[in-house]
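Below is one structure, written out as structure tokens; the observations come after it.
The values are calculated or read from the model by the stated rules, or taken from the named source; none is laboratory data. This is a predicted model, so every value here is computed, not measured. Here the Cβ positions follow ideal geometry from the backbone for every residue, glycine too, while neighbour counts run over all protein chains shown. These area figures cover heavy atoms from the full protein model, side chains too; ligands, DNA and RNA do not enter into them. Shrake-Rupley method; radii C 1.70, N 1.55, O 1.52, S 1.80 Å.
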Amino acid sequence: MNHYETVFILNPVLSDDQIKETVQKYEDFLVSNGAEMISKENWGLKKLAYPIQHKKSGFYHLFEYTAPGEAINPLEVEFRRDERMMRYLTVKLDKHAIAWAEKRRKRNKEKA
């Protein structure tokens, strides 16, 4: 099992219900492919550095999870097929990134 982090940007014209449904869809997809969710973060609506699909903002979400390597390709295929998805990036975390992510989670808990 490898440790991964996926950040994705959803179309800003989606309603709150559509966003929740989309995030839940991909969480369920990961879990059904053998992943174990560690954390989910909703970063909210953010301005983009450059327009994507003629949009200047998007809803950012972060998933941190452990999964077998075979689960990543099907996830990214689903991302490509979904018109609600503007961009995504999946990164395999090394031991230093895992430690940093734990610190970030702890810091976010203290803020909340």
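Projecting the Cα atoms of Pro68, Ala97, Asn33 onto the dipole axis of the stretch 21-112, where Lys and Arg carry +1 and Asp and Glu carry -1 at the beta carbon, places Ala97 farthest toward the positive end.
Total lysine pairs in the stretch 26-104 at Cα distances under 26 Å, for residues eight or more apart or on different chains: 15.
Normalised by 2.2 N^0.38 Å, where N counts its residues, the alpha-carbon radius of gyration of the chain equals 1.07.
Placing a label point 7 Å from the Cα of Asn2 along the Cα-to-Cβ direction, the residues of the stretch 41-77 whose backbone N falls under 11 Å from that point are 67-73.
For the chain, averaging the sequence separation of C-alpha pairs within contact (under 8 Å, six or more residues apart) and dividing by the residue count gives a relative contact order of 42 percent.
Subtracting the Cα-Cα distance of Ile38 and Glu110 from their residue separation scaled by 0.36 nm leaves 24.2 nm.
In this rough spin-label picture, where each label sits 7 Å from Cα along the Cβ direction, the Ala99-Asp17 distance is 4.7 nm. Relative to the Cα centre, the charge distribution of the chain, modelled as +1 at Lys and Arg Cβ and -1 at Asp and Glu Cβ, gives a dipole magnitude of about 680 debye. Entry comment: accessible area of the chain is 63 Å² per residue, from protein heavy atoms only and a probe of 1.4 Å. Surface composition of the chain: carbon and sulfur atoms hold 51% of the protein heavy-atom accessible area at a 1.4 Å probe. The residues neighbouring Ser32, those whose beta-carbon lies less than 14 Å from its own, together hold a net charge of -4 under the Lys/Arg +1, Asp/Glu -1 convention. Residues whose amide H falls under 5 Å from that of Ile38, counting only those 5 or more places apart or on a different chain, are Glu64, Tyr65, Thr66, with hydrogens built in the peptide plane.
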